[in-house]
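See below for the structure under consideration.
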Amino acid sequence: MRSQNDPVRAMLAQAWASWAERGAALSAEDWDRPTRLPGWTVRELFAHAAPEPEMFGGLRGALLDGPAGITTGAGILRAYNRPGGLAHTAAEQIAETARQAAGRTEPAVLIARFGVEGPAALAGLADLPPDTTVAHPLLGSVALGALGEVALMEATVHLLDLIAAVGGPPPADGALRFTRALLAEVAEPVAFIEAATGRDAAAVLPVIR
């Protein structure tokens, strides 16, 4: 979401294109196949992960002056996943929203959101720099680039969920490396290093729900 040459933005567009290509190849039976996310079918996974163009369009109406309160994707994820955060309090609501969306949205529409509508909305924000501040209904204010980082992480993680359900090639290497680095950044640094190097057996994973 930084410019036409921004690597995060480019990787996000590539991830969405991969979703669209994989969705177009699914059979009717595949759409109803269960995923490793309890209670979610492939169709519900698509409904949850698909970009919503209205959300991107609304960002222009939420621009704020001054620096953002949260400037990184890791900062957003920490806020969501802290005790009492949205990842815990709204998990069932998010799942139910996905189920409802899947029930009223045809697969062709979900595919178009990844392949056409989402990328077009993303391109419409290319003139806004990553440090552009936008109002957030739960977090106060966040940097636009931070939202892009979280979007890329979610597209990549859920693409792994899709692959586990229906097979297919792995996500792009760049998206995998970015997601790995972002998730490591969410963890408390000392605890993560100590655990990763075998110096402490304390549980530091998962870092997000």
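Details
- Charged neighbours of LEU159, selected by a Cβ distance under 12 Å, balance to -2 (K, R count +1; D, E count -1).
- Counted by Cβ distance under 12 Å from GLY23, the other residues give a net charge of 0, where Lys and Arg count +1 and Asp and Glu count -1.
- Region 52-64 - phi-based ³J(HN,Hα) in whole Hz, Karplus 6.51/-1.76/1.60, Gly and Pro as x: 10, x, 4, 5, 5, x, x, 5, 5, x, 10, 5, 10
- Residues TRP40, TRP16, ranked from the fewest to the most other C-beta atoms within 10 Å, line up as TRP40, TRP16.
- Among THR105, THR41, THR132, the largest mean-square fluctuation in a Gaussian network model of the chain (Cα springs under 10 Å) belongs to THR105.
- Rg and Dmax, both from the Cα atoms of region 98-176 and both in Å, are 15.0, 39.
- Two tests apply to each whole DSSP H helix in the chain, Cα reach of 15 Å or more along its axis and mean Kyte-Doolittle hydropathy of at least -0.5, and the ones passing both are 7-24, 144-166, 173-186.
- Burial order of peptide ranges 161-167, 62-68 (average beta-carbon count within 10 Å, highest first): 161-167, 62-68
- Near ALA98, once Lys and Arg are set to +1 and Asp and Glu to -1 for all other residues with Cβ below 13 Å from its Cβ, the sum equals -3.
- Kirkwood Rh, angstrom, the chain [1 / mean 1/r, Cα pairs]: 18.0 Å
- Of ARG177, ARG99, ARG78, the residue with the greatest mean-square motion in the GNM of the chain, using alpha carbon springs below 10 Å, is ARG177.
- Adding -39500 (n - 2.57) for every DSSP H run of four residues or longer, then dividing by how many residues the chain holds, sets the calculated 222 nm ellipticity at -17000 deg cm²/dmol.
- Dipole moment magnitude, nearest 20 debye, region 160-209 about Cα centre, only Lys, Arg, Asp, Glu C-beta charged: 80 debye
- Remark on LEU64: its backbone amide H falls under 5 Å from those of THR133, VAL134, ALA135, a criterion applied only to residues 5 or more positions apart or on other chains, H modelled at 1.01 Å from N.
Since every read-out is calculated from the coordinates, none of them should be taken as a lab result. The model shown is predicted, which means the values in this text are computed figures rather than measured ones. We place every Cβ from the backbone using ideal geometry, glycine too, and count neighbours over all the protein chains shown.
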